[in-house]
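Read the structure below first, then the notes.
Values in this text are rule-based calculations from the coordinates and carry no lab data. The structure displayed is predicted, hence computed values, not measured ones. Cβ sites come from the backbone with ideal geometry, for glycine too, and all protein chains shown count toward neighbours.
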């Protein structure tokens, strides 16, 4: 009995020490707006998002002793971010900050002036900025690709930068007794090998919460045959907040035998884009809802799975097949949902109408008279029945091309070339490919002109493209210049109507001036710097900008300070 007590005590103290290993990054209650592994466009969420009570400038602290190993300043992505290496062999990451602790500020500014760039990514050695547990390192913000005030917080293995779930270290500080919520079931016949209700197209059935408790049943008229896969649409919840979160564990049973399981315990940034093979990418592209596939496509190398037959189910008997999903969060809260599909022999539709059959493990190339696309080996997650449709039009400088009939993700990229049907611009760099949505709205993709054609890299298939041009320079507009001196800040509004801002530069009296910008705003600002801007004289501002086609604008202004 004494040995059992000692053993249980050691387990208990080990759990406590793991959760006491790090202090909180904030001195306010931990409330999550997003959890680890949450499904995002093209990536898994690699940390947890900590709410900051809907305001910025909450103090952010180092969670343990260590040193500042990296400081990143960007108008997009993590915005202002700081990385701390710890003796434990882990790195903590703090993103979307508003500003850094005072002792780092001048160093960062010096590097920005040295590189003549607002955007910098600085690597530091252990001796430069050591920090202690609980030391102020920054203030919370809303910079970069952030949709509201919060701190994006990560814990990574320092050696390989693989991200781990930070909530494992803070579970005692965040209460959660709410189980994940079912929202839908997907049935995916393998094209050419499976069928659902006479069709090779996926079927998605919504599931709703009933007032009396439990969930609604899916249709009892779903008949399947051949090889199929299943998928689930689900979210997790936490008490006291309306936010929705990702589901950590998914298990699928067929006739009481586990055939698939996934568990998101880490995020490898080299493989995070493979999320596009986990999700129903075509449906997400159309509806922005994440169905998770419970089968593993051959090109999917995510290390999160355990499966029989890669999760595929061979329906070869005319009987009722009983299925059960089990969804679980990090706290062990679990939801179970049972449903049935009817095995019914029926004709399996065969592949037809392909412009080109493409294999996931081969180099693939399709060429027509005025169009070609190359998809190198390793970029498709599964075999593809590629379909290309061409429409002639006077509205563009080429025909319009619908590049595949469904949305298909690529792990790297494909190379697409479109030949011009009209080539009259003397400045060939002003040509570029645009993507055209269903409403006719364009978004610039760009590309490189060569011998009457434009070539560009694509990250997914399923969109519509044509060649267009951009001959207009960016528009530079001063924002209340009469107030610049009094406010000790210069503000410039910079916009471009097509190919986007590729670069900008501000100078004062011929020397580089640090203009800051966040992707959520078209305003670029320079704060008067007493160490670099001399008082008592007239100064000349020159602000220039180029778009993606090289069209350039310039603005000049003289002021006394």
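At a glance:
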item	result
Computed over region 356-469: relative contact order in percent, which uses C-alpha pairs under 8 Å that are six or more apart	27
Solution diffusion estimate, µm²/s, Stokes-Einstein, region 205-289, Kirkwood Rh from C-alpha pairs, 37 °C, viscosity 0.692 mPa s	205
Cα→Cβ-extended label distance, 7 Å offset, between residue 488 and residue 359, nm	6.8
Relative frequency of Cα-Cα separations exceeding 25 Å in region 181-343, percent	28
Compactness index (Cα Rg / 2.2 N^0.38 Å), region 22-114	1.14
Sorted by Cβ neighbour density within 10 Å, fewest at the top, the residues 331, 337	331, 337
Expected-Rg normalisation [2.2 N^0.38 Å, Cα atoms] applied to region 266-363	1.34
Computed helical MRE - 222 nm, the chain, DSSP H runs ≥ 4 contributing -39500 (n - 2.57), nearest 500	-2500 deg cm²/dmol
Pairwise label distance in nanometres, residue 477 with residue 421, each label 7 Å out on the Cα-Cβ vector	3.6
Using alpha carbons only: equivalent-ellipsoid semi-axes of region 93-142, gyration tensor based, whole Å	19, 15, 10
Gyration tensor (Cα) of region 356-469, equivalent ellipsoid semi-axes in angstrom	24, 15, 12
Relative contact order of the chain, pairs being alpha-carbon contacts under 8 Å that are 6 or more residues apart, as %	10
Quotient of Cα Rg and 2.2 N^0.38 Å for region 2-173, N being how many residues it contains	1.09
Most to least packed among 29-37, 43-51, 539-547 [average Cβ atoms within 10 Å]	43-51, 29-37, 539-547
Among 283-290, 512-519, the order from most to least packed when residues are scored by Cβ within 10 Å on average	512-519, 283-290
More than 16 Å apart - percent of Cα-Cα pairs taken over region 90-203	78
Calculated diffusion of region 431-508, Stokes-Einstein form, Kirkwood radius summed over Cα pairs, 20 °C and 1.002 mPa s, µm²/s	139
Cα-based convex hull volume of region 475-560 per residue, rounded to whole Å³	90
Extension reserve of the residue 27-residue 318 stretch, reckoned as 0.36 nm per residue once the Cα distance is removed	98.7 nm
Relative exposure of 549, 354, judged by other C-beta atoms within 10 Å (fewest first)	354, 549
